Structures are given as C-alpha cells and as structure tokens.
Amino acid sequence: MFVELLDDLGVTVNRTRTTPSGRYEFAALPEGRFKVRVLPYGTDYGEQVQEVIISNVSALGGGTGGEIQQRDFYLNVRADLNSGPFAAPGTVFAQEVPEAARKLYEKASGELRAKKEKEGFESLRNSLDVFPDYFLALDRLGTEYAVRGNSNAAYFEAARVLLMKAVKVNPASFSSTFGLGFAQYHLGWTNEAVETLQRAVKLYGKSVNGHLWLGIALKKAGKLSEAEVSLNRANKVGDGKVAEVHLRLAELYSEQKRYKESADALELYLKNQKDARDAEKIRQLIAQLRQKASAK
C-alpha cells in the first residue's frame, strides 16, 4: 500500500510503498512534527493517519543522534462498505443488538462485498431470525432487494415489506425511506411513493437520487410543475453532471411542448452520458425538436 509522510502544514514530503510483509520506512528526517498517512487504494480499507514527533537529540549527552520511531497501522474496513446502496451521511442509529445477530450482519456485509449475493442475503435473513427488529439488517436487505427489483419484480414487494418495518423502527433513516418510496413507485403505488419520497428528501436534501425519483413519481402522478421543481433540484445537487436528470427533464419539457428546452436537455444528456447507446437516434430527435421549436 502507499504510505505518505506529511509535514506539519499537511504537505506531502515523501511517499513510499509497503513491502509484501507490510513494512515501510522514511529515513534521515530532520527534527519536527510529521504525519504518516496510509492510502489503501483499491482495497476495502479506510485511510488512516498517525502523528510522529522527531527529536534527534543524543541520549549519550550532548550532540545529536538518530531517533527511530515505529508506527504500526491496523486498517479497518471502510464504514460505507457495511451500509446499503442508498446510505447517506447522518446520525448513527443506536440499538441494542444481540451478539449473534450482529455477527451474522457483519458476516453478510463481508459476503456482499465479495459478491456472494446468495450467502449474504441468507446471513441477513438469519440475523433477522435472531432479532426481527434489527434496523441495519432490515435496511440492508430491503435496499439490496430494491436495487435488484428490475431483474426480479418480487424483490420490490419484499423490499417494501422490509423497509416499511425499517422505517417504523427508525423513522429518521433516509436510506430506508428512500428505498421504500423507490419500491412503491415500481409497484405502481404512485401516490404513496410521492408521499414517501417527499419525506426522504426532507430527511436528507443532498441526495440526487432522492430529488430525481421524487420528480419521476410526481410526473407520473400528473403533477408536472412540482416534478420540474424536483428535477431541477436534482440537477443543482448533482452540479449538472447527472445524465439521467437531463433525460427526465427532456421528457417533461417535450410533453409540455417546450421543444427548445427539451432539445437543450438532451444535448446535456449526451454531454454527460458519453457511452449513450442510442446517441445517433437522440441526435436525430434533437434536430426534430429544434425544428418544431423554430416552427412555433
């Protein structure tokens, strides 16, 4: 792994890589305050930093000497890897959990990181057998089902049931609330989805997906002006770089016969979606929309 040495101003002054056994060394340092930072790129571990103060004074009386200091790092798995697909920053939900259920949840997290979906889902279900109100397990299994709903429609109903319970246990969870609204929308429960997704963006207003899917649900409910507001919020939160938002805005504008705005939105979609499958067809559609706009 990469290891950096930083001075007291936070500027990187040296960099090395560990040996296969995990050892590293920075030699011939002047006196001063430094930080050692481990950068575990491409791994499931989080960055860590430790401070070092070098004082090259000889212990034999007078003069200077060479001080050797050792700093050991025991890397921890990044916290976000144990969260579900809709996780957002926020207050950690505290809950007394039986040890057996906790261990099964941690086992499931590792299995899902290793792409062992079947085993991970089984471990999550087992953790809920031990403790049916285990929020983290309800949220993780529910949101994992929700993102897989397009491949198996039954997952959306399973997600709805699990996340309804998760929200009851922890009403302040964006992840569970958004996942529930997402599942409700795909099950055809449009009005319920709008209400749930509105709660989700109140819980965490910096989620592009929260505003995006609220806009999609509002559009399906026929509330076009509200849908436009939500989609524009998604665009703002995403710094204009989320292709899906531009595509949904283009659809909305086209339905309202706002052809120039629809064409502009599709141009932005292509700009942000470099590998768009139907790029040529979209360019043709843009030309048609601009022709309609000039004919108005």
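Here are some residues: 250, 234. Which one is crowded, with 17+ Cβ neighbours inside 10 Å, more than 22 Å from the chain's Cα centre (by Cα), closer than 30 Å to residue 195 by Cβ and at pLDDT 95 or above?
Answer to the selection: 250.
Looking at the stretch 129-181, which of the residues that are surrounded by 17 or more Cβ atoms within 10 Å (Cβ to Cβ) and among the hydroxyl-bearing types (Ser, Thr, Tyr) is nearest to residue 198 (Cα to Cα)?
By that ranking, first place goes to 177.
If you take the residues in the stretch 248-296 that are assigned to a helix (DSSP H, G or I) and of a type in the set (S, T, N, Q), which one is nearest to residue 223 (Cα to Cα)?
254
Name the single residue that is farthest from the chain's Cα centre (by Cα) among those in the stretch 1-40 being of a type in the set (A, V, I, L, M, F, W, C) and closer than 13 Å to residue 73 by Cβ.
Per the criteria, the residue is 36.
Hey, any hits in the stretch 197-204 for a residue that's farther than 30 Å from residue 183 by Cβ and touching a helix residue (DSSP H, G or I) at 6+ places or on another chain (Cβ under 7 Å)?
Scanning the stretch 197-204 turns up no residue that is farther than 30 Å from residue 183 by Cβ and touching a helix residue (DSSP H, G or I) at 6+ places or on another chain (Cβ under 7 Å).
Would you pick out the residues in the stretch 279-296 that are out of contact with any Leu (no Cβ under 9 Å at 6 or more places or on another chain) and either loosely packed, with under 14 Cβ neighbours inside 10 Å or closer than 24 Å to residue 242 by Cβ (or both)?
Passing the criteria: 280, 281, 284, 287, 288, 290, 291, 294, 295, 296.
Quick check: anything in the stretch 127-137 of a type outside the set (S, T, N, Q) and in contact with a Gly (Cβ under 7 Å, 6 or more places away or on another chain)?
no
Could you please give the count of residues in the stretch 157-169 that are touching an Asp or Glu at 6+ places or on another chain (Cβ under 8 Å) and either closer than 16 Å to residue 203 by Cβ or not in a helix (DSSP H, G or I) (or both)?
Total satisfying the criteria: 3.
Quick test for you: out of 231, 187, pick the one residue that is over 29 Å from residue 133 (Cα atoms) and in contact (Cβ under 8 Å) with a residue 12 or more places away in the chain.
Step by step, each of 231, 187 is checked, and only 231 is over 29 Å from residue 133 (Cα atoms) and in contact (Cβ under 8 Å) with a residue 12 or more places away in the chain.
Taking the residues in the stretch 109-131 that are aliphatic (A, V, I, L, M) and at pLDDT 95 or above as candidates, determine which candidate is nearest to residue 85 (Cα to Cα).
Filtering first and then ranking leaves 124.
Of the conditions (1) in contact with a Leu (Cβ under 8 Å, 6 or more places away or on another chain); (2) within 27 Å of residue 294 (Cα to Cα), residue 257 fails just one. Which one is it?
Status for residue 257: all satisfied but (1).
Spot the failing condition for residue 245; the list is (1) farther than 22 Å from residue 200 by Cα; (2) part of a helix (DSSP H, G or I), and only one is missed.
(1)
Restricting to the stretch 13-34, count the residues that are at pLDDT 90 or above, farther than 16 Å from residue 49 by Cβ and either surrounded by 14 or more Cβ atoms within 10 Å (Cβ to Cβ) or in contact with a Ser or Thr (Cβ under 8 Å, 6 or more places away or on another chain) (or both).
1
The values are calculated or read from the model by the stated rules, or taken from the named source; none is laboratory data. Note that this is a predicted model, so its numbers are computed, not measured. Note that we place each Cβ from the backbone using ideal geometry, even for glycine, and neighbour counts take in every protein chain shown.
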